[in-house]
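Notes to accompany the following structure.
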Amino acid sequence: MDEIKSSIQNSDNNNYEEVIGEEYYEWEVENWDKIDSKILFSPAFMTAGYQWKLELFPNGNGEQGKDHISLYLYNIDVEKEEKFHHIRTKYVLFVRNYDHFNIFDTNAITHIFKENDETCGFHKFEKISELYQKNKCYNHSLMENNKIIFGVYLKVFKYNKDEYIKELKDSLKSSLNDEMIVSEDYSHWEIENWSELNNAEYSPGFIIGENEWRIKLRLNGNKENLSVFLENTTVLKNSFHVYTNFSIALRNFDDYSYSTVHRSLNYYSKINYSWGWSNFVKKEDLFKKSENTEKSLIENNRLVVTTYIRTYRYTEEQYMNELKELLDDESDSLVDEFDDEYYFEWEIEDWDKLGIREYSPEFKVGGYTWSIEIMPNGNGDLGKDNVSLYLNNIDVENKPISICTKYVLVIRHYNDYSCFHAKALSYNFRKDNSNYGYHQFINIPDLYTTNQYTNKPLIDGKRAIICVLTRTYKNNKDHYIKNLKQALQNNGRSNDEINDEGYYELKVNNFDTINGDINSPVFSIGNHSWKINLNINKEEDNISVFLRNVDVVNNFSTHINIDYVIAICNYNDYICSKEKSSYSYYNKNQTSWGLKKFMKISDLYEINKSNNKSIIENNTFVVCIYIREYKYNKEKYMKELNDMIKCDEEIVDEIYYEWEINNWSILVNDDCSPEFSLNQYKWKIKIYPFSKNNFNYVSAYFYITDIGDDDYSNIPTKFILIARNPNDYSIYGGNPLTFSFNKNSKSYGFVSFIKRNELLKKNSNDKSIIEDRKIVICLYAKIYKYNKEQYIEDLKYLVNSNISKTKENIINGNGYYEWSIDNWNILINNNEEYSPVFIIGNTRWKIKLCYNDSPNYISLYLCNEDATDKNSSHIYVNYAISISNYTDYSYNKKLTSMDYFNENNYVNGWKEFIKKDELHKKNNKKNKSIIDNNKVIISTYITEYKYTKEMYIDELKKLIKENQSTENYITGENYYEWEINNWSTLKEKNYSSEFDIDNKKWKICLGKNQSVSDEYISLSLINENVKSIIRNNNIYSKFVFAIRNVNDYSLFKAEQTTDITIFNNKDYDNGLDHLIKISELSIKNKQSNKSILENNKFTVGVYIRIYKDDIKSVVEKEEGDLVVSLYNFKGNEYNELDIRKDEYYRITDWTIKEGWVYGYSVDNKKRKGLLPKAFINVCDKNEKDKKHDLVVALYNFERINSYELSIHKNEHYKIIDWNIKNGWVYGYSCENENIKGLFPKAFIKICDNEEDSNHLDLSYDNNLNQIKNNTLSSTSNFIPS
């Protein structure tokens, strides 16, 4: 025992303050030759309150204990529960003969037991062979009778401050010798208010080795852990670099033995000024009590943080090592053995003489030629106020090769390796990407900032060195895949959570036989199925590559967000390559993304000089793709929605709204979401679970609920309606729309929003939109500023929305015009005002404003100025007219129409466009009115179409006026035309071929000089069916005649019959005597420079409509409005009717022509034509309220003409006009006051009072004794001429 104790004292000359535990322990091991375990442990024993064991390797601890037994002392506590304890010990391990104390061997050691250092001893404690060697003096060996004793004499010492600091110092192991040390010291930071610390807390600054330092704690830095860092604040201020070895310890405030320590060896610089550990210690362990000592790191809210720092001289070796470390730290994606490494320096003797862009001398790395490119004053706006620095590869600029590199760019002091600025990069140099680096490498003022300790800037005396350390890597397949992956890591989405990623390649063989599409087999990456589509277009010398997702094709609701990079490369040597990457969203509407004209086919054959290879080899190449799928969270969901309704205009307001439906099955049609606000208005979403148009679909609409009838606001909106899974943002369906909401268009959306079965259809992840009967209906809407461009677009949309009639038509011209009115009050003093003439579609137009055409409304019309020139041109236009606020185009009233313009119809529009009182009414929400400050804008958007045959026939058809009472009697209608090829040689009468319309035979008769005036062409329609029938068989018809240019349907003259014409055996030939003057056939149209008659040709056309026989009763009732003429009028044209003052006429068409009406004389229905509207007055429509004379009929009278009224003996009638015609009166039946007409004055007697009507005086018969109570029929002889 004395000898063992003395061996401890002789092993260390230090005297320790206090021994806190001492123990002698022996362990007897029997049956040594039967031990088959590699390792044995002694029973546990206690010393100084800690548990210990001996650890024995009978045959040695691996190679390090070969041919020896290995023996260690093992502390149980610091490995398990007491890991923060530091136990300072001296002990002697021994082995002895089990029976003789003088046969033994020992080894003494000093050790601190602590976390991760719980075992200490000797790998080669004793040679196995020596266990059996006899001692020469005593003739005994250590091992006898297969037994042996192992033991330990252990002393535990109190752990004081000196030992604590010494342990921190000794932990800084380094290969550098002591001569390299510049300085070393320690610092304590005593924290006495732990609970009051902020998340980021800094120690006071302290100086060690001419550098200022501070310790940083982040309490919530890494989830469950405390983060601890050592920061050098000196290097932040300049380009100085410091090579540092340091340790940091957290310890109990009162006990140096209870601590946790970490160490690190690092280079400090402006870029890397902070080093440490994000998971230094678990936060819960800071307060965990030791079972042995009941201590914790933090006690009574107190803790001590200690750092020991050692700085070294910074030599060229340190400089190169730091550059290499920067390369090693740059990326973990390039871990393969590098192919070559080279360090290059470019000495700059006069920095001020550098040009805008300078290149270093060329140098070689990996068999390739390189240079450094510098822009001392920055690369434009990208490098403003900075030096721009790049590495440039000369070889790849025009070749399809790929060079994998890591490199670090440096600017350093001319002769001080510790003063430099460096940045590292990983990059794959290839064609179109031959130059890469930093636009903002270093701020220009930082080049001249002096280090306060060395007093050196980067540029010293205008001199500096620009350097690059470059590594090139072997380009095998695995390495190439890593490069593709790395290309995605540089996309700025490093924080996005990745679902899955993977690589696939398609080998293309026999390329020379391919021209067209190649599709890869379906492959799976990220739980989704994909296909590559390759399009080979040898005629255009390009290859296009597309990536298609198979899942979204078959599932309405699946949405996928990926990054991918596509490459085409040599199938043996991946160094020859062409790559491009993209970031995409996949859904049912976007199933494929890719790159058109990915590369030229000719580039496949270009030889790379470095390896004498091309992309295509043996008629084969490989298409590679690396796909990274991201987790589709709400952020991705919102981004995709935002991309769907991207808006270049200024956003006024926007909203994302969700309507959570907990039980879809109870939803009924017309159910609405709760009301929500957007842009000062209230809105709702409306759902129809069973679409009214198609039971298999759901309908969805977005609608505004509180826009009033007096609110003329237009709210331009881009929105998307969505149905999505309540728990998964990637499962949804929806489509975007653009629409301007207003009082006439309050609702917009989808009749067929989504198929009902799509709501329950499972996707590849076994999810559907509806889950557990729950669904979320969402809306994302943006309201944008309504500018003039949007206003014009809305007018254009309104015009184009009449698509049913114009979708196949060719547009001759379209355009917008606005008429700014600066003084409304002066303008409206005149009833009619016109805008200046403007030209759209090669046609002249004007807008006409009438203030008093209607009592309560203003009228707006579009006038065609070319048509007023009395030419034969016809124009078909689709147009909108709008009246809007002078400063805010969104506040407007607009209407649209499609009309034909010609010489008889050159004005079209709206008599009641907008109420006068609404022009000045303020909008409650915007406080605006249409007329503001006496100003207003009237606008029009016009689309003129090429005039086709269909339009020509349609216009003829429209000339035949119908009303509700006659349109139901139509039995048939059609158009026929007859081409005249020899006008000059025609006879006086000419007949067309017979043609059939409504199973009736017709002919046209053209009279060259047969009209009332020889100046005109006469046209008549002949019905062949009634011509030869003896009995009176009537055919009722309306028809329109036209004469047109043979080759131009827009150039014609037409005239219609306004009344139903009766064809019978007496009157089988009906027509027009004055359709067109013969001289007008040759008049050139100003716009087209054409005439109706060209090359002695023109075409005669007729549109015929036939009615049922029983329309006769309707015709008798439909006589037109009764008017009286105010003045005499002599017609100047053939189709104008002469009228005489105080005569009565019937008007059948009030809108036939601007300022004119069409009608006939009551005296003679065949006297018909155009009348000036201003020359007539409508007979009082409220005649029933007047007191008319009551009469009784003395005899029956049967009418013959349509203007006469049949009367019956003893029935009562009232007389409106006693003097309408000689011998006749005008009146109506008391039983039906709506039927009026003429009847003979001699056939009636006035009733003096109501009683007379019951006591008829038949003495009147004496004056007509020839009648003798027989029924009298009127004849033409009875009517005075």
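Just to be sure before I move on: is Glu55 closer than 25 Å to Asn146 by Cβ and either open to solvent by 60 Å² or more (accessible area, probe 1.4 Å) or touching a residue at least 60 places away in the same chain (Cβ under 8 Å) (or both) in the structure I sent? Taking the combined requirement at face value, the residue satisfies it.
Checking each residue in the range 79-105 for being within 23 Å of Ile20 (Cβ to Cβ) and part of a strand (DSSP E or B) picks out His85, Ile87, Arg88, Thr89, Lys90, Tyr91, Val92, Leu93, Phe94. For the range 871-889, a residue qualifies if it is touching a strand residue (DSSP E or B) at 6+ places or on another chain (Cβ under 6 Å), buried (at least 20 other Cβ atoms within 10 Å of the Cβ) and modelled with pLDDT of 90 or more, and the qualifying residues are His874, Ile875, Tyr876, Val877, Asn878, Tyr879, Ala880, Ile881, Ser882, Ile883, Ser884, Asn885.
Condition check: open to solvent by less than 40 Å² (accessible area, probe 1.4 Å), more than 30 Å from Thr717 (Cβ to Cβ) and modelled with pLDDT under 90. Does Ile810 satisfy that? Judged against the criteria, Ile810 is not a match.
Among the residues making up the range 408-441, those that are out of contact with any Cys (no Cβ under 9 Å at 6 or more places or on another chain), in a strand (DSSP E or B) and touching a residue at least 60 places away in the same chain (Cβ under 8 Å) are Cys419, His421, Lys423, Ala424, Leu425, Arg430, Asn435, Gly437, His439, Gln440. When the range 250-267 is filtered for residues that are over 21 Å from Leu219 (Cα atoms) and part of a strand (DSSP E or B), the ones remaining, listed by number, are Leu265, Asn266, Tyr267. Sub-9 Å Cβ pairs linking a first residue in the range 177-192 that is more than 19 Å from Ile248 (Cα to Cα) to a second residue that is open to solvent by 30 Å² or more (accessible area, probe 1.4 Å) and β-branched (Val, Ile, Thr), at least 6 apart or interchain, are Met180/Thr315, ordered by first then second residue.
Mind checking which residues of the range 813-834 are modelled with pLDDT of 90 or more and either in a strand (DSSP E or B) or closer than 22 Å to Tyr876 by Cβ (or both)? The answer is Gly813, Asn814, Gly815, Tyr816, Tyr817, Glu818, Trp819, Ser820, Ile821, Glu833, Tyr834.
Can Asp866 be described as at pLDDT 90 or above and of a type in the set (Asp, Glu)? Criteria not met by Asp866. Scanning the range 337-351 turns up no residue that is within 21 Å of Asn483 (Cα to Cα), out of contact with any His (no Cβ under 6 Å at 6 or more places or on another chain) and open to solvent by less than 10 Å² (accessible area, probe 1.4 Å). Within the range 200-241, being closer than 27 Å to Asp416 by Cα, within 48 Å of the chain's Cα centre (by Cα) and open to solvent by less than 30 Å² (accessible area, probe 1.4 Å) holds for Leu230, Glu231, Asn232, Thr233, Val235, Asn238, Ser239.
To keep it simple, each residue is scored yes or no on (1) modelled with pLDDT of 90 or more; (2) farther than 30 Å from Phe94 by Cβ; (3) open to solvent by 40 Å² or more (accessible area, probe 1.4 Å).
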{"site": "Asn145", "(1), (2), (3)": "yes, no, yes"}
{"site": "Ile148", "(1), (2), (3)": "yes, no, no"}
{"site": "Tyr153", "(1), (2), (3)": "yes, no, no"}
{"site": "Ile165", "(1), (2), (3)": "yes, yes, no"}
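Of all residues in the range 579-625, those satisfying the criterion of being crowded, with 19+ Cβ neighbours inside 10 Å and of a type in the set (S, T, N, Q) are Asn587, Asn608, Ser614. Just to verify a result, which residue in the range 242-286, among those that are open to solvent by less than 10 Å² (accessible area, probe 1.4 Å), touching a Lys or Arg at 6+ places or on another chain (Cβ under 8 Å) and among the aromatic types (Phe, Trp, Tyr), is modelled with the highest pLDDT? Filtering first and then ranking leaves Phe246.
Working only within the range 725-746, note down all residues that are more than 28 Å from Val553 (Cβ to Cβ) and open to solvent by 60 Å² or more (accessible area, probe 1.4 Å). Across the range 725-746, the qualifying residues are Asn744, Lys746.
Have a look at Ile938, Ile942 and point out the one that is within 18 Å of Tyr786 (Cβ to Cβ), touching a residue at least 24 places away in the same chain (Cβ under 8 Å) and assigned to a strand (DSSP E or B).
On the way: Ile942 fails: within 18 Å of Tyr786 (Cβ to Cβ).
So the residue among Ile938, Ile942 that is within 18 Å of Tyr786 (Cβ to Cβ), touching a residue at least 24 places away in the same chain (Cβ under 8 Å) and assigned to a strand (DSSP E or B) is Ile938.
The set of residues from the range 890-930 being more than 30 Å from Gly1169 (Cα to Cα), open to solvent by 40 Å² or more (accessible area, probe 1.4 Å) and either among the small types (Gly, Ala, Ser) or in a loop (DSSP other than H, G, I, E, B) (or both) comprises His920, Lys921, Lys922, Asn924, Lys925, Lys926, Asn927, Lys928. State whether one or more residues within the range 1021-1031 are buried (at least 21 other Cβ atoms within 10 Å of the Cβ) and modelled with pLDDT under 90. Among the residues of the range 1021-1031, at least one is buried (at least 21 other Cβ atoms within 10 Å of the Cβ) and modelled with pLDDT under 90, which makes the answer yes. The set of residues in the range 480-524 that are farther than 24 Å from Ile543 by Cα and buried (at least 19 other Cβ atoms within 10 Å of the Cβ) comprises Lys482, Gln486. Close contacts from the range 1125-1154, counting a first residue that is touching a residue at least 24 places away in the same chain (Cβ under 8 Å) and a second that is among the acidic types (Asp, Glu) and part of a strand (DSSP E or B), with Cβ to Cβ under 6 Å and a gap of 6+ residues or different chains, come to Ile1147/Asp1121. Does the range 541-557 include one or more residues that are modelled with pLDDT of 90 or more, more than 28 Å from the chain's Cα centre (by Cα) and either surrounded by fewer than 23 Cβ atoms within 10 Å (Cβ to Cβ) or within 30 Å of Lys634 (Cα to Cα) (or both)? Yes, some residue in the range 541-557 is modelled with pLDDT of 90 or more, more than 28 Å from the chain's Cα centre (by Cα) and either surrounded by fewer than 23 Cβ atoms within 10 Å (Cβ to Cβ) or within 30 Å of Lys634 (Cα to Cα) (or both). With respect to Lys1090, is the statement that it is more than 23 Å from Glu865 (Cα to Cα) and in a loop (DSSP other than H, G, I, E, B) true? Taking the combined requirement at face value, the residue does not satisfy it.
Among the residues of the range 744-758, count how many are charged (D, E, K, R) and either in a strand (DSSP E or B) or within 15 Å of Ser673 (Cβ to Cβ) (or both).
Quick first cut of the range 744-758, residues charged (D, E, K, R) only: 746, 755-756, 758.
Filter again for either in a strand (DSSP E or B) or within 15 Å of Ser673 (Cβ to Cβ) (or both), leaving 755.
Number of matching residues: 1.
The values are calculated or read from the model by the stated rules, or taken from the named source; none is laboratory data. Since the structure is predicted, the reported quantities are computational estimates derived from the model, not experimental observations. Heads up, the Cβs are rebuilt from the backbone with ideal geometry, glycines too, and the neighbour counts pull from every protein chain shown. Surface accessibility is based on the protein's heavy atoms, side chains included, excluding ligands, DNA and RNA. Shrake-Rupley method; radii C 1.70, N 1.55, O 1.52, S 1.80 Å.
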